[in-house]
1. Of the conditions (1) assigned to a helix (DSSP H, G or I); (2) among the small types (Gly, Ala, Ser); (3) open to solvent by 20 Å² or more (accessible area, probe 1.4 Å), Gly253 satisfies every one except a single condition; which number is it?
2. Restricting attention to region 261-297, which residues are without any contact (Cβ under 8 Å) to a residue 12 or more places away in the chain and under 19 Å from Leu349 (Cα atoms)?
3. Which members of region 219-236 meet the condition of being assigned to a helix (DSSP H, G or I), over 17 Å from Ser383 (Cα atoms) and of a type in the set (A, V, I, L, M, F, W, C)?
4. Just checking, does region 296-315 include any residue being surrounded by fewer than 19 Cβ atoms within 10 Å (Cβ to Cβ), within 25 Å of Tyr51 (Cα to Cα), of a type outside the set (Val, Ile, Thr) and in contact with a Ser or Thr (Cβ under 7 Å, 6 or more places away or on another chain)?
5. List pairs: first in region 308-328 and in the same structural domain as Leu298 (by the TED database), second outside any helix (DSSP H, G or I), Cβ under 7 Å, 6+ apart or cross-chain?
6. Within region 256-269, count every residue that is of a type outside the set (A, V, I, L, M, F, W, C) and open to solvent by 20 Å² or more (accessible area, probe 1.4 Å).
7. Could you tell me whether any residue of region 287-307 is over 22 Å from the mean Cα position of the chain (by Cα), among the small types (Gly, Ala, Ser) and at negative phi?
Amino acid sequence: MPASQRKHRRGGFSHRCLPTPQTAMTPPAGPPDGGWGWVAAAAFAVNGLSYGLLRSLGLAFPDLAEHFDRSAQDTAWISALALAVQQAASPVGSALSTRWGARPVVMVGGVLASLGFVFSAFARSLLHLYLGLGLLAGSGWALVFAPALGTLSRYFSRRRVLAVGLALTGNGASSLLLAPALQLLLDTFGWRGALLLLGAITLHLTPCGALLLPLALPGDPPAPPRSPLAALGLGLFTRRAFSIFALGTALVGGGYFVPYVHLAPHALDRGLGGYGAALVVAVAAVGDAGARLVCGWLADQGWVPLPRLLAVFGALTGLGLWVVGLVPVVGGEESWGGPLLAAAVAYGLSAGSYAPLVFGVLPGLVGIGGVVQATGLVMMLMSLGGLLGPPLSGFLRDETGDFTTSFLVSGSMILSGSFIYIGLPKALPSCGPASPPATPPPERGELLPAPQAVLLSPGGPRSTLDTTC
């Protein structure tokens, strides 16, 4: 064979085995939607090592109050500050992720959160704990949650809500595991040793971030935003659908977090003992976790549009809080409080069903290219309500003598937000049958305006046809 032919064949073989740069950079037709379970596992761990750890941290507060000779109210500000910083600064994490990618941002956030615990282990005053756990660890958590959850939404389309629901169960699973583990660490090593070891555990957020492989999709902007306002995604508020969603979510947040703080005290006010109150909280948490998976699967079937499910389960959550607040006084501390347990299960099921929907509907509202920024903004909006709701509930408890009015007001706020969701596209059925035109690609946002098209949920071709006038 001539040398020129051999050279040509070697060149052809090299071309077939090694794709050109243009081929390597070509984005896929859509989210992979399969074979990427490790991304959901990473988001599951991120949720557990942020929200789950934050919920368990209260076990250390009695030791901190005794050591520094401060009140329980003073130590409670540690978790309140951490939660406020984590949620309010989430748009910053989204902006950095949009500019530099989720992987480095989440890895840096894991290091910051770990340093916050290590710094706090050497605290000489509560101010050091406010700075370490509240500011430093809270800032680290702000860099991990929204980028991880937004990246997860980019990897899935047909199974997107189920994947989000699975990731959000990391909160409950982590609480069940970390709570007894933290108590054991406190009994064995004291609060300083426990915080050091929690710093080592929190450092596992870094490898979780390393698993978030960047993914280019057709709906992505050609270049990352350069201005800070564009990176934060504030331009999303100019879209009518997202503005409606933002207003409804802020109202829902005002009542959604009240049971996190006051469900156990409400059970004690109703006459239950300590173990009975703990059981009420436990059954609500179990119902919440199970409903996140079931509702995620249901939403991905495409039988009902996501905005309609969001409005329905939001309203059921508000009604569930009404029922919890109106449960009568039980017999005594020996009673297990059957009516209150049933009400707590109903509330947990509805609240858990709402949680994956509030994030799963975002790609349809803003397009897949803006989902990371939208996730950070949603966290900020819910933080506004979360900061106002529990203090208002406590004020009403002080004024009325029980939590009945608190839960009624909280449920009313959630119902008001759910009513606003009715203004979202596809939230209400229309009045006549329609033919099935082509569905806009999910990368664009299937709930964004499209001329002469019936817009379907992420279920794709299996979605049930809606109606139009």
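1. Just one mismatch for Gly253, condition (3).
2. Listed by number, the list holds a single entry, Ala282.
3. Those that are assigned to a helix (DSSP H, G or I), over 17 Å from Ser383 (Cα atoms) and of a type in the set (A, V, I, L, M, F, W, C): Leu229, Ala230, Ala231, Leu236.
4. no
5. Arg308/Lys426; Arg308/Ala427; Leu310/Val361; Ala311/Ile422; Ala311/Ala427; Gly325/Phe403; Val327/Arg270
6. Qualifying residue count for the region: 4.
7. Checked against the condition, which is being over 22 Å from the mean Cα position of the chain (by Cα), among the small types (Gly, Ala, Ser) and at negative phi, region 287-307 yields no hits at all.
This table checks each residue for (1) within 30 Å of Leu229 (Cβ to Cβ); (2) open to solvent by less than 60 Å² (accessible area, probe 1.4 Å).
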{"site": "Leu57", "(1), (2)": "no, yes"}
{"site": "Asp63", "(1), (2)": "no, yes"}
{"site": "Glu66", "(1), (2)": "no, no"}
{"site": "Thr75", "(1), (2)": "no, yes"}
{"site": "Ala89", "(1), (2)": "yes, yes"}
{"site": "Ser97", "(1), (2)": "yes, yes"}
{"site": "Val105", "(1), (2)": "yes, yes"}
{"site": "Phe117", "(1), (2)": "no, yes"}
{"site": "Leu136", "(1), (2)": "yes, yes"}
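The values are calculated or read from the model by the stated rules, or taken from the named source; none is laboratory data. Computed from a predicted structure; not experimentally measured. Cβ sites come from the backbone with ideal geometry, for glycine too, and all protein chains shown count toward neighbours. Areas reflect the complete protein model, heavy atoms only, side chains present, ligands, DNA and RNA absent. Shrake-Rupley method; radii C 1.70, N 1.55, O 1.52, S 1.80 Å.
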